[in-house]
Amino acid sequence: IFNGDGYSEAWHAEAEKRGLPNFKTTVDAMPTMISKEVIELFTKYKVLNEREVHSRYEIYLENYKKTINIEAQLMASIAKTQILPAATRYQGEVASSIAAAKSAGVNVGNLGEQEQQLSDLSKTISDLQKKVTALVHASEHAAAGDAIAHAKYSRDTIIPAMKAVRELGDKLETIVADDLWPLPTYREMLFIK
(Lines give C-alpha, C1' and ligand atoms only; values in the text may rest on other atoms or scores of the structure.)
Protein backbone atom coordinates (compact mmCIF):
# COMPACT_ATOMS: atom_id res chain seq x y z
CA ILE A 1 0.00 0.00 0.00
CA PHE A 2 1.29 3.43 -0.93
CA ASN A 3 -0.11 6.04 1.44
CA GLY A 4 1.70 9.00 -0.07
CA ASP A 5 0.67 11.62 -2.58
CA GLY A 6 -0.22 9.88 -5.84
CA TYR A 7 0.84 12.97 -7.80
CA SER A 8 4.29 13.32 -6.24
CA GLU A 9 7.62 12.27 -7.69
CA ALA A 10 7.80 9.68 -4.87
CA TRP A 11 4.80 7.90 -6.38
CA HIS A 12 6.25 8.03 -9.88
CA ALA A 13 9.40 6.33 -8.59
CA GLU A 14 7.39 3.79 -6.58
CA ALA A 15 5.13 2.94 -9.53
CA GLU A 16 8.15 2.40 -11.73
CA LYS A 17 9.77 0.21 -9.05
CA ARG A 18 6.59 -1.89 -8.87
CA GLY A 19 6.37 -2.16 -12.66
CA LEU A 20 3.04 -0.32 -12.76
CA PRO A 21 2.00 1.80 -15.71
CA ASN A 22 2.04 5.47 -14.83
CA PHE A 23 0.35 7.44 -17.59
CA LYS A 24 0.63 11.20 -17.30
CA THR A 25 -2.35 12.08 -19.52
CA THR A 26 -5.60 10.63 -20.78
CA VAL A 27 -4.10 10.44 -24.26
CA ASP A 28 -1.19 8.37 -22.93
CA ALA A 29 -3.55 5.95 -21.20
CA MET A 30 -6.15 5.47 -23.94
CA PRO A 31 -4.23 3.00 -26.18
CA THR A 32 -4.21 0.58 -23.24
CA MET A 33 -7.96 0.27 -23.71
CA ILE A 34 -7.47 -1.53 -27.03
CA SER A 35 -4.53 -3.65 -25.90
CA LYS A 36 -4.76 -7.39 -26.43
CA GLU A 37 -5.04 -8.06 -22.68
CA VAL A 38 -7.91 -5.63 -22.17
CA ILE A 39 -9.85 -6.90 -25.16
CA GLU A 40 -9.37 -10.51 -24.00
CA LEU A 41 -10.60 -9.60 -20.50
CA PHE A 42 -13.75 -7.87 -21.79
CA THR A 43 -14.56 -10.63 -24.26
CA LYS A 44 -13.83 -13.45 -21.79
CA TYR A 45 -16.44 -12.13 -19.37
CA LYS A 46 -18.78 -11.04 -22.15
CA VAL A 47 -18.72 -7.41 -21.07
CA LEU A 48 -17.86 -6.08 -24.53
CA ASN A 49 -16.76 -7.70 -27.74
CA GLU A 50 -13.68 -6.48 -29.61
CA ARG A 51 -15.68 -4.23 -31.92
CA GLU A 52 -17.45 -2.60 -28.97
CA VAL A 53 -14.13 -1.97 -27.19
CA HIS A 54 -12.74 -0.26 -30.30
CA SER A 55 -15.93 1.73 -30.68
CA ARG A 56 -15.73 3.04 -27.13
CA TYR A 57 -12.05 3.84 -27.62
CA GLU A 58 -12.87 5.99 -30.66
CA ILE A 59 -15.80 7.65 -28.87
CA TYR A 60 -13.71 8.48 -25.78
CA LEU A 61 -10.95 9.99 -27.93
CA GLU A 62 -13.48 12.01 -29.93
CA ASN A 63 -15.09 13.22 -26.72
CA TYR A 64 -11.69 14.23 -25.34
CA LYS A 65 -10.88 16.21 -28.49
CA LYS A 66 -14.28 17.92 -28.59
CA THR A 67 -14.18 18.81 -24.89
CA ILE A 68 -10.73 20.39 -25.20
CA ASN A 69 -11.86 22.29 -28.29
CA ILE A 70 -15.01 23.61 -26.57
CA GLU A 71 -12.95 24.71 -23.56
CA ALA A 72 -10.41 26.43 -25.84
CA GLN A 73 -13.13 28.31 -27.72
CA LEU A 74 -14.78 29.37 -24.47
CA MET A 75 -11.44 30.51 -23.05
CA ALA A 76 -10.73 32.61 -26.14
CA SER A 77 -14.22 34.11 -25.96
CA ILE A 78 -13.87 35.06 -22.29
CA ALA A 79 -10.45 36.56 -22.93
CA LYS A 80 -11.67 38.59 -25.93
CA THR A 81 -15.00 39.76 -24.53
CA GLN A 82 -14.28 40.18 -20.81
CA ILE A 83 -10.64 40.18 -19.81
CA LEU A 84 -9.14 42.24 -22.63
CA PRO A 85 -11.85 44.96 -22.51
CA ALA A 86 -11.43 45.30 -18.73
CA ALA A 87 -7.66 45.43 -19.04
CA THR A 88 -7.73 48.05 -21.78
CA ARG A 89 -10.17 50.18 -19.77
CA TYR A 90 -7.78 50.02 -16.83
CA GLN A 91 -4.87 50.82 -19.15
CA GLY A 92 -6.77 53.94 -20.25
CA GLU A 93 -7.36 54.97 -16.64
CA VAL A 94 -3.69 54.56 -15.75
CA ALA A 95 -2.59 56.47 -18.88
CA SER A 96 -5.08 59.28 -18.14
CA SER A 97 -3.89 59.47 -14.55
CA ILE A 98 -0.26 59.81 -15.65
CA ALA A 99 -1.16 62.43 -18.26
CA ALA A 100 -3.21 64.38 -15.70
CA ALA A 101 -0.35 64.29 -13.20
CA LYS A 102 2.10 65.54 -15.83
CA SER A 103 -0.23 68.35 -16.89
CA ALA A 104 -0.63 69.34 -13.25
CA GLY A 105 3.12 69.82 -13.05
CA VAL A 106 4.08 66.72 -11.08
CA ASN A 107 7.79 66.01 -11.43
CA VAL A 108 8.11 63.45 -14.24
CA GLY A 109 10.78 61.63 -12.24
CA ASN A 110 8.15 60.90 -9.58
CA LEU A 111 5.96 59.11 -12.14
CA GLY A 112 8.54 56.44 -13.00
CA GLU A 113 6.78 53.64 -11.13
CA GLN A 114 3.41 54.54 -12.62
CA GLU A 115 4.88 54.68 -16.12
CA GLN A 116 6.51 51.30 -15.52
CA GLN A 117 3.14 49.95 -14.37
CA LEU A 118 1.55 51.24 -17.58
CA SER A 119 4.33 49.73 -19.65
CA ASP A 120 3.97 46.33 -17.93
CA LEU A 121 0.20 46.45 -18.29
CA SER A 122 0.43 47.32 -21.98
CA LYS A 123 2.92 44.50 -22.60
CA THR A 124 0.73 41.97 -20.78
CA ILE A 125 -2.33 43.04 -22.77
CA SER A 126 -0.38 42.75 -26.03
CA ASP A 127 0.99 39.35 -25.03
CA LEU A 128 -2.51 38.15 -24.14
CA GLN A 129 -3.88 39.29 -27.49
CA LYS A 130 -1.13 37.32 -29.26
CA LYS A 131 -1.72 34.20 -27.16
CA VAL A 132 -5.49 34.37 -27.73
CA THR A 133 -4.89 34.60 -31.48
CA ALA A 134 -2.59 31.56 -31.26
CA LEU A 135 -5.21 29.66 -29.23
CA VAL A 136 -7.96 30.45 -31.74
CA HIS A 137 -5.68 29.34 -34.57
CA ALA A 138 -4.81 26.10 -32.75
CA SER A 139 -8.43 25.28 -31.97
CA GLU A 140 -9.57 25.93 -35.55
CA HIS A 141 -7.07 23.49 -36.99
CA ALA A 142 -6.90 19.77 -36.51
CA ALA A 143 -4.31 17.09 -36.88
CA ALA A 144 -4.37 14.75 -39.82
CA GLY A 145 -4.97 11.13 -39.04
CA ASP A 146 -6.99 8.97 -36.73
CA ALA A 147 -8.67 9.76 -33.41
CA ILE A 148 -5.48 9.31 -31.37
CA ALA A 149 -3.67 11.81 -33.62
CA HIS A 150 -6.43 14.35 -33.01
CA ALA A 151 -6.28 13.73 -29.26
CA LYS A 152 -2.48 14.12 -29.25
CA TYR A 153 -2.84 17.40 -31.15
CA SER A 154 -5.26 18.62 -28.47
CA ARG A 155 -2.86 17.58 -25.71
CA ASP A 156 0.32 18.87 -27.34
CA THR A 157 -0.91 22.04 -29.07
CA ILE A 158 -4.26 23.27 -27.77
CA ILE A 159 -3.74 22.65 -24.04
CA PRO A 160 -0.36 24.46 -23.97
CA ALA A 161 -1.96 27.38 -25.85
CA MET A 162 -4.72 27.44 -23.24
CA LYS A 163 -2.14 27.41 -20.45
CA ALA A 164 -0.39 30.42 -21.98
CA VAL A 165 -3.67 32.39 -22.13
CA ARG A 166 -4.49 31.36 -18.57
CA GLU A 167 -1.16 32.57 -17.20
CA LEU A 168 -1.59 36.02 -18.74
CA GLY A 169 -5.23 36.24 -17.65
CA ASP A 170 -4.17 35.37 -14.11
CA LYS A 171 -1.48 38.05 -14.25
CA LEU A 172 -3.99 40.68 -15.39
CA GLU A 173 -6.32 39.65 -12.57
CA THR A 174 -3.65 40.79 -10.10
CA ILE A 175 -3.12 44.12 -11.91
CA VAL A 176 -6.54 45.36 -13.07
CA ALA A 177 -8.62 47.30 -10.53
CA ASP A 178 -11.28 45.20 -8.78
CA ASP A 179 -14.12 47.46 -9.89
CA LEU A 180 -13.21 46.82 -13.55
CA TRP A 181 -12.47 43.09 -13.30
CA PRO A 182 -15.49 41.25 -14.76
CA LEU A 183 -14.94 37.79 -13.29
CA PRO A 184 -14.79 36.39 -9.76
CA THR A 185 -11.19 36.56 -8.57
CA TYR A 186 -9.38 33.67 -6.91
CA ARG A 187 -9.38 35.66 -3.68
CA GLU A 188 -13.16 36.07 -3.84
CA MET A 189 -13.75 32.42 -4.64
CA LEU A 190 -11.53 31.21 -1.84
CA PHE A 191 -12.19 33.64 0.99
CA ILE A 192 -15.55 35.35 0.59
CA LYS A 193 -18.54 33.42 1.86
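For the chain, modelled as a GNM with alpha-carbon contacts under 10 angstrom, which of 54, 150, 12 fluctuates the most?
12
When only Cα pairs under 8 Å and 6 or more residues apart are kept, what is the percent relative contact order across segment 92-193?
This gives 25 percent for segment 92-193.
If you average the sequence gap of Cα pairs under 8 Å that are 6 or more apart and divide by the length of the chain, what percent do you get for the contact order?
Across the chain, relative contact order equals 25 percent.
I'd like the distance between the alpha-carbon centres of segment 8-26 and segment 99-141, rounded to an integer number of Å.
About 43 Å separates the Cα centre of segment 8-26 from the one of segment 99-141.
What's the longest uninterrupted piece of the chain once you rule out the chymotrypsin sites (Phe, Trp or Tyr not before Pro) that are loop residues per DSSP with at most 15 other Cβ within 10 Å?
Counting at most 15 other Cβ atoms within 10 Å as exposed, the longest clean stretch of the chain is 46-193.
Mind telling me which of 18, 155, 166 comes out most flexible in a GNM of the chain, alpha-carbon contacts under 10 Å?
Between 18, 155, 166, it is 18 that shows the largest mean-square fluctuation.
What full-extension length gain, to one decimal in nm, is calculated for residue 66 and residue 54 as 0.36 nm per residue of separation minus the Cα-Cα distance?
2.5 nm
Just from its helices, what would the mean residue ellipticity at 222 nm be for the chain, if runs of 4 or more DSSP H residues each count -39500 (n - 2.57) and the sum is divided by every residue, rounded to the nearest 500 deg cm²/dmol?
-22000 deg cm²/dmol
Between residue 47 and residue 190, what length comes free when the chain is fully extended (0.36 nm per residue of separation minus the Cα-Cα distance, one decimal in nm)?
Length difference between fully extended and current span is 47.1 nm.
Given the options 15, 29, 151, which has the most mean-square fluctuation in a GNM of the chain, springs set between C-alpha atoms less than 10 angstrom apart?
The residue that fluctuates most here is 15.
What's the carbon and sulfur percent of segment 1-131's accessible surface, probe 1.4 angstrom, rounded to a whole number?
Answer for segment 1-131 is 53 percent, counting heavy atoms of protein chains only.
The values are calculated or read from the model by the stated rules, or taken from the named source; none is laboratory data. Just so we're clear, the structure is a prediction, and the values are computed from it rather than from any experiment. With ideal geometry, Cβ positions are generated from the backbone for all residues, glycine too; neighbour counts draw on all protein chains shown. Areas reflect the complete protein model, heavy atoms only, side chains present, ligands, DNA and RNA absent. Shrake-Rupley method; radii C 1.70, N 1.55, O 1.52, S 1.80 Å.
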